[in-house]
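What follows draws every value from the coordinates through simple rules; no lab data is involved. Keep in mind that what you see is a predicted model, and the values were worked out from it rather than measured. Note that each Cβ is placed from the backbone with ideal geometry, even for glycine, and that neighbours are counted across all protein chains shown.
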Amino acid sequence: MSAIKLRYVNKSFDVHNEDVLIFLRNEAKMDGSPRCYAWKVIKNCGYDQVHPFLFPLENMISVIDSNGNHSPAQLALPGDRFRVTRSRSGMQLVKCTPKPGDVYITVDNGLELGAIGVIISKSGKALDTIKNIAPGQSVFFDYKPVLKVVSVGEITEGKSFSSEVIGDVHTISLYGIESADIVKRGGGWGRDATKITFSLENEDRYDD
């Protein structure tokens, strides 16, 4: 299986019809930065409407050199290690032998001169972009099949944001899931309003 089949289902009475933001956290982020990327944003999906989408299990890695040149994206699995080198034809992103026990996706800047940026993406959409990686430095990525879902006023897909300034984030684990619905409930008016929630329902699992 290369992707998990998901459906966002709106069963809420959200009077503002807010966007639904879906993002992932890099569990290996060393600097503790709260900045994340808006991997998927669902807009204008009204009550009882459905928005189907795929969650690919594979990630892709590409790099940007100091001249703004982008390498072709390569498949990156947990434990894979990449090194940026210089050849006669310019920068190259080369997959190399991982160190024993590696669990992260690692990218090393092996250039003698020049900082690089690294983009990790899923389904052509950025999960993270880390810039200004100096020669000799490395970056690490660890993305679990765990979604962060939140109702937000307005946000742009593919843009970075601070997770400290958004609302109540719900964690949706996709471990063992082949397909499922992500259902939004709550909302309403006045005293009858209830908290917005997201839950996984109608799950099909590997062992079912």
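Here the simple spin-label model places points 7 Å from the Cα toward Cβ, and for Lys99 and Asp142 these points are separated by 1.4 nm. For Glu178, the residues whose modelled amide H falls within less than 5 Å of its own, excluding neighbours fewer than 5 places apart on the same chain, are Asp204, Arg205, Tyr206. Where a ≥ b ≥ c are the square roots of the eigenvalues of the C-alpha gyration tensor, would you call the chain rounded, which needs a/c under 1.5, or, failing that, prolate if a/b is larger than b/c, or oblate? It is prolate, given that a/c is not under 1.5 and a/b is the larger ratio. Each Lys and Arg Cβ is given +1 and each Asp and Glu Cβ -1; about its Cα centre, the chain then shows a dipole of about 500 debye. Under 5 Å between amide hydrogens, built in the peptide plane, is the criterion, and for Tyr8 it picks out His51, Phe53, Ile182 among residues at least 5 positions away or on other chains.
Once you sort the root eigenvalues of the Cα gyration tensor of region 59-141 as a ≥ b ≥ c, which label holds: rounded (a/c under 1.5), prolate (a/b larger than b/c) or oblate (the other case)? Oblate, because a/c is 1.5 or more while a/b does not exceed b/c. Report, by chain and number, residues whose modeled amide H sits under 5 Å from the one on Leu127, excluding near sequence neighbours (fewer than 5 apart, same chain). Hits under the 5 Å cutoff: Ile120, Ser121, Lys122. Each Cα pair under 8 Å and six or more residues apart adds its sequence gap; the mean of these over the residue count of the chain is a relative contact order of 28 percent. For Asn69 and Phe53, the difference between the fully extended length at 0.36 nm per residue and the C-alpha to C-alpha distance is 2.7 nm.
Indicate the gyration tensor shape class of region 101-208 (rounded, prolate or oblate), computed on the Cα atoms with a ≥ b ≥ c the square roots of the eigenvalues: a/c under 1.5 is rounded; otherwise a/b larger than b/c is prolate and the rest oblate. Oblate shape, in that a/c is at least 1.5 and b/c is the bigger or equal ratio.
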